[in-house]
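This report concerns only the one structure given below.
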Amino acid sequence: MKRSVTIAGHRTSISLEEEFWEALREIAGEDGRSINALVGAIDERRTTNLSSAIRLFVLSRYRDGSAARGPGISSRPGSLSGRSTASGEPARQTRDPP
């Protein structure tokens, strides 16, 4: 689904599957910011096209455990990650077998 967002004062269209838009809305809400602000933060750090960067951000937040990370962007350069699961439960730590 294609939607328009404003990044740095400019309107742009982004094509994402509805599930990614829903996850992005959830993450933005939990971080206490707008989708435009969240997408702007993702845009500032991306190394690929914006749609892919958003998908990777959402995947990283849920994989690392949270849509509830606040402020939504890791302090590590180039890292977009989170801490808890979409349901709000703590993320389970997994390890590869020795």
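The values are calculated or read from the model by the stated rules, or taken from the named source; none is laboratory data. Everything numeric in this text was worked out from a predicted model, so none of it was measured. Note that we place each Cβ from the backbone using ideal geometry, even for glycine, and neighbour counts take in every protein chain shown.
Numerical summary
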| read-out | value |
| --- | --- |
| Output for region 3-13, where each listed residue is surrounded by 10 or more Cβ atoms within 10 Å (Cβ to Cβ) and either touching a Lys or Arg at 6+ places or on another chain (Cβ under 6 Å) or among the polar types (S, T, N, Q) (or both) | T6, T12, S13 |
| Counted residues, region 23-51 - those being of a type outside the set (K, R), free of Cβ contacts under 8 Å to residues at least 12 places away in the same chain and surrounded by 13 or more Cβ atoms within 10 Å (Cβ to Cβ) | 3 |
| Test: residue in region 69-76 that is assigned to a helix (DSSP H, G or I), in contact with a Gly (Cβ under 6 Å, 6 or more places away or on another chain) and at pLDDT below 95 | no |
